[in-house]
Amino acid sequence: MKLYLLVALAVILIPGKSNAQQVHIGEPHFGIKGGLNLYNIHNDNGANYDTRTSFNLGLLAHFHLNKVFAVQPELVYSQQGAKFNDAGVETTLKLGYINVPIMLQYMFDNGFRFEAGPQVGFLTSAKAVTGKTSVDFKDNLNTVDFALGIGAGYINPPTGFGVDARYNLGLTNINKNSSVTSMNRGFQLGVFYQFMHNK
């Protein structure tokens, strides 16, 4: 999968060299983003968890492929996880990831965008918090997580400010040793700003 990411980045960068004179293809518009996470964990054994509300914060680079298509790789710190209740005692699973989504975007003239693409996540922390007790269980989880993101956004062209919404569908089992298959699932609602935006 590391090879896959390198190929994807090459696809982003190489086309921009050939047609840069026409519509500034390949010239990146860098930006920042952040917002609200509404995440849960899907389990194949029927165990239902409650949604955990948290946050995401990161950087983006917006590359035009032509006038309507763009590729947007991102580097995002994302607080994920879920909550569950056992005999009246609530436990929060706090999972921290560095996510790298690569989104293909279709852009309308009015500032609206549709997007979809793969995401790879790298686990940075995993704690189960019950009351004042916190237990680290990072060693029980796989360190790499793959997902598919799909969403939409809007940017105000004169200002570079925008809003977006995305659903991330986890595709791989996050459990390392358990027989239960668990996958990250979550919505992200956020705002972003692209520096020197001109479309």
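Values in this text are rule-based calculations from the coordinates and carry no lab data. Nothing here was measured: the structure is a model prediction, and the numbers come from that model. We place every Cβ from the backbone using ideal geometry, glycine too, and count neighbours over all the protein chains shown.
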>> Take the residues in the stretch 78-97 that are free of Cβ contacts under 8 Å to residues at least 40 places away in the same chain and part of a strand (DSSP E or B); name whichever of them is surrounded by the fewest Cβ atoms within 10 Å (Cβ to Cβ).
In response: ASP86
> If you take the residues of the stretch 97-114 that are within 12 Å of the chain's Cα centre (by Cα) and not aromatic (Phe, Trp, Tyr), which of them is farthest from GLY26 (Cα to Cα)?
Replying inline: ILE98
